[in-house]
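See structure below.
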Amino acid sequence: MLRREWPTLAIVAGGGLVAALAPSAAPFVLAGTVLALGAWLLVRHEDAPPRPAAGLPVSAGPDSAPRISARDLAAAVPYPLVIFEETSAIAYANDAAQEAFGPLQDGMSLLLKFRAPEMQELIGALTAGQVADGAVEYGERFPVESAYRVTGGAIGAGNRLFFLLFKDQSETRRIDRMRSDFIANASHELRTPLASISGFLETLRGPARNDPAARERFLSIMQEQTARMSRLIDDLLSLSRLEMRSHARPAGTVDLRQLLESVADTLAPLSGDLGVVVERDFPEDALLVQGDRDELFQVFANLLENACKYGQSGGRVVVSMSKAGEPPEACVTVRDFGPGIAEEHIPRLTERFYRINAESSRAQKGTGLGLAIVKHILTRHHGRLAIRSTVGEGAAFSVWLPLK
């Protein structure tokens, strides 16, 4: 194992960070971090005396200013960081690297630990002196899927020490994937009715030009498809507005009992047409929550409408309200007695455009965005949604909101 005497970093009160770098060291700066990575990596022995770099003062404050070793600073780097020798043997791995990649003992070969071709190529190029620095994309699938942007380089000149810095890109990739899926799904949802309308227009201008019965039927279908696109666009606009103000909690006061009575009355014609009886189980005392009345109305109208449509076979829906938990919260539950929801679908119900049965959802004039809107509204209100269901016994959607 090679041993190096790496310089020490001085933190001077009121004077910032003063680093004693080797004259030839070139610090690598990671965007968004305050400390230069070169400074973080330049320690092996904590008692190594400071050596001034060309043009850099050793200290900008009193002689008694506290000093902190670069080993400690390297350990404080929030990203996985591995220092290795020209034999590819690990010389140092910080806690973030140990947590991300399992035990990384001194002397372990990086080539045996990271077997992906891109990592082997980067490590080999660095240790062979073919490149001074480089970067690759690296991913792991176990124990969880993760993606990293790996930057590597040499430490100073002639030290025969190198570093790998791993920047976790998993969340960024997940968001990019969600954005791509969203665009693809939105395009598909709009393309289907547009194709239908286009086909009927072509038919009306051709074979059905003089057929009044066909014309009326086609115009009726075109009107339904236009209404479907309108609902989809309205829901997309609602999501966009909610995301723009997701961190601004509404300041109004809402009486949940009055709100739920209004929701049930508004949807009475729909439940009556579907043959569903809506039962109300409300306490006498009012439950007040902080929120936007229109947005909360949208939440409960969506849940009650879904219960009536998809739980229609159960014949009834129960809307209950109570105060529970510690600290106490308002809990509103909308329960149907229909076919229920299989367990594997429940975690994904609030995803945009996720449907258990696409044909059934479209037949019920659903856009696939209702529960996504519910989730966003509840997040804005510091609330949450809990879903319980047993196949064959119905489903219960519970909304929890902080009391005023």
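The values are calculated or read from the model by the stated rules, or taken from the named source; none is laboratory data. Here the structure is a predicted model, which means the values were calculated and not measured. Positions of Cβ are generated from backbone atoms using ideal geometry, with glycine treated the same way; all protein chains shown enter the neighbour counts.
Values for this structure:
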| read-out | value |
| --- | --- |
| Search result, residues across region 287-313 that are surrounded by 21 or more Cβ atoms within 10 Å (Cβ to Cβ), among the small types (G, A, S) and closer than 17 Å to F337 by Cβ | A307, G311 |
| Helices (runs of 4 or more DSSP H) fully within region 236-333 counting 1 or more residues that are under 15 Å from L403 (Cβ atoms) and out of contact with any helix residue (DSSP H, G or I) (no Cβ under 9 Å at 6 or more places or on another chain) | 256-266 |
| Residue among A147, A154, A186 that is in contact with a Lys or Arg (Cβ under 8 Å, 6 or more places away or on another chain) and surrounded by 16 or more Cβ atoms within 10 Å (Cβ to Cβ) | A147 |
| The one condition in (1) over 28 Å from D234 (Cα atoms); (2) among the aromatic types (F, W, Y); (3) free of Cβ contacts under 8 Å to residues at least 24 places away in the same chain that F337 fails to fulfil | (3) |
| Selection status of E284, exposed (fewer than 13 other Cβ atoms within 10 Å of the Cβ) and of a type outside the set (S, T, Y) | yes |
| Condition met for R355 (over 23 Å from P269 (Cβ atoms), basic (K, R) and without any contact (Cβ under 8 Å) to a residue 40 or more places away in the chain) | yes |
| The listed residue being of a type in the set (A, V, I, L, M) and touching a residue at least 12 places away in the same chain (Cβ under 8 Å), out of I175, I221, I183 | I221 |
| Selection within region 168-181 - over 12 Å from the mean Cα position of the chain (by Cα), part of a helix (DSSP H, G or I) and modelled with pLDDT of 75 or more | S180 |
| Residue count, region 248-273 (criterion: within 31 Å of the chain's Cα centre (by Cα) and free of Cβ contacts under 8 Å to residues at least 40 places away in the same chain) | 1 |
| Residue check, T266 at pLDDT 85 or above, polar (S, T, N, Q) and within 22 Å of H381 (Cβ to Cβ) | yes |
